[in-house]
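Before any comments, here is the structure.
We did not get these values from a lab; they are worked out from the coordinates using the rules stated. Note that the coordinates shown come from a computational prediction; the quantities given were computed from them, not determined experimentally. Cβ coordinates were reconstructed from backbone atoms using ideal geometry, including for glycine residues, and neighbour counts include every protein chain displayed.
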Amino acid sequence: MLKGIDPILNAEVLGALRAMGHGDMLILADTNFPSDAIAQDTVLGHLLRIDRPMGEVARAVLSVLPLDTFVEDFAGRMQVVDAPDDVPGVQAEVQQEIAATGETRAMVGIERFAFYDLARRAYAVIQTGERRFYGCIMLRKGVIGPDE
């Protein structure tokens with residue numbers, strides 16, 4: 001255990017988040033996403049796991065990961081097939097966690113197969129224990145400025 005670090009962030013996840021650079025993408029995936037197969041194509045090359053609900057995982061990750069403020073696609077969500085404007089509850093929970101960081105923008109929608117392609121280009125994939133459908137999120141790492 002570490003002070004000030006959410007205990008669901010295991011050492012392997014913390015190491016990957018620390019190693020990511022500005023603009024690198026992180027995928028938070030539900031249990032139905034082909035996480036292991038896609039993770040093999042990422043920069044990290046293997047799957048990370050946090051077996052907790054998506055909202056808890058997003059909160060923990062966002063407690064240490066700054067979001068990119070320079071791009072429109074700072075965060076994205078897999079669109080619902082045939083209903084791209086729908087925002088399922090699991091995605092709304094993540095949006096609330098993003099808002100809790102002070103970010104006011106909404107996640108961008110990403111078509112399902114485009115999301116798979118994007119995920120293959122990510123730095124890492126964290127498969128969560130989320131069982132609700134469309135619990136697939138992309139977060140783009142931002143920067144931490146110098147001390148004043």
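In the chain, the DSSP-assigned H stretches of four residues or longer account for a calculated mean residue ellipticity at 222 nm of -8000 deg cm²/dmol, using -39500 (n - 2.57) per stretch and the full residue count as denominator. Converting phi to 3J(HN,Hα) with the Karplus coefficients 6.51, -1.76 and 1.60 and the offset θ = phi - 60°, the stretch 87-92 yields 10, x, x, 4, 6, 4 Hz in sequence order, with x at every glycine or proline.
Arranged from fewest to most other beta-carbon atoms within 10 Å of their beta carbon, 24, 6, 41 become 41, 6, 24.
Taking other residues whose beta carbon is less than 12 angstrom from the beta carbon of residue 56, and scoring Lys, Arg as +1 and Asp, Glu as -1, yields -3. Rounded to the nearest 0.05, the FRET efficiency derived from the C-beta distance between residue 37 and residue 147 at R0 = 41 Å is 0.45. Placing a pseudo-label 7 Å from each Cα along the Cα-to-Cβ vector at residue 132 and residue 18 gives an inter-label distance of 3.3 nm.
Computed from label points 7 Å out along Cα-Cβ, the spacing between residue 104 and residue 71 is 2.3 nm. The Cα center of the stretch 125-147 and the Cα center of the stretch 31-106 differ in position by 4 Å.
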